[in-house]
Amino acid sequence: MVGKADLVYFFVSDMDRAVAFYRDVLELELGYRSGEEWAQLGAGSIQVGLHGAGSGPVRTGGTLAFTVADLDAAKAKLVSRGVEVGHEGGGEGLGPRFVEFNDPDGNVLALFEYEEHA
């Protein structure tokens, strides 16, 4: 019934701050931006949309997870860029290792490192 995931979007209170976070901290490529209303960034097989909240409240929810080859290096890079890392877990037979963190508006993001199987 449904196809592949194409887009995940978040409402944001400050478009400049949100674009800077996803582009400069997470290194996603900005596809396009329409003022304070919308921005879209490439994230592999899906797109990340940023929807300006305007004068309304910011709606938070959901978790967007990115895969990484080296979780420790990726975590260190986030911390070096001022991101506070939250919950960590997984590994050792408990699924992929992961770490969670938040974007500037409190949306939950995660990095997942899957074990290589020979």
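The values are calculated or read from the model by the stated rules, or taken from the named source; none is laboratory data. Just so it is clear, the structure is predicted and the values come from calculations on it, not from any experiment. Note: ideal-geometry Cβ built from the backbone for every residue, glycine included; neighbour counts use all protein chains shown. These area figures cover heavy atoms from the full protein model, side chains too; ligands, DNA and RNA do not enter into them. Shrake-Rupley method; radii C 1.70, N 1.55, O 1.52, S 1.80 Å.
Is it true that some residue in segment 7-14 is touching a strand residue (DSSP E or B) at 6+ places or on another chain (Cβ under 8 Å), open to solvent by 50 Å² or more (accessible area, probe 1.4 Å) and at pLDDT below 95?
Quick first cut of segment 7-14, residues touching a strand residue (DSSP E or B) at 6+ places or on another chain (Cβ under 8 Å) only: 7-12.
With open to solvent by 50 Å² or more (accessible area, probe 1.4 Å) added as a condition, the list becomes 7, 9.
Checking which are at pLDDT below 95 leaves us with 7, 9.
Within segment 7-14 (the criterion being touching a strand residue (DSSP E or B) at 6+ places or on another chain (Cβ under 8 Å), open to solvent by 50 Å² or more (accessible area, probe 1.4 Å) and at pLDDT below 95), the answer is yes, since at least one residue qualifies.
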query = If you go through segment 62-77 one residue at a time, how many are open to solvent by 90 Å² or more (accessible area, probe 1.4 Å), out of contact with any Pro (no Cβ under 9 Å at 6 or more places or on another chain) and in contact (Cβ under 8 Å) with a residue 40 or more places away in the chain?
reply = 1
task = Show the residue pairs that are 6+ apart or on different chains and have beta-carbon atoms under 7 Å apart, the first residue being within segment 88-117 and on the phi > 0 side of the Ramachandran plot, the second being in a strand (DSSP E or B) and of a type in the set (Lys, Arg).
result = 90/97; 91/97
ask   = Going by the conditions given, is residue 37 touching a helix residue (DSSP H, G or I) at 6+ places or on another chain (Cβ under 9 Å), at pLDDT below 90 and surrounded by fewer than 16 Cβ atoms within 10 Å (Cβ to Cβ)?
value = yes
Top-ranked residue in segment 78-115 [being among the charged types (D, E, K, R), more than 14 Å from the chain's Cα centre (by Cα) and open to solvent by 80 Å² or more (accessible area, probe 1.4 Å); ranked as nearest to residue 27 (Cα to Cα)] = 81
inquiry  = Which numbered condition in (1) over 20 Å from residue 27 (Cβ atoms); (2) of a type outside the set (S, T, N, Q); (3) modelled with pLDDT of 90 or more is the only one that residue 54 fails?
reply    = (3)
task = Mind listing whichever residues of segment 57-74 are over 13 Å from the mean Cα position of the chain (by Cα) and at pLDDT 90 or above?
result = 70, 71, 72, 73
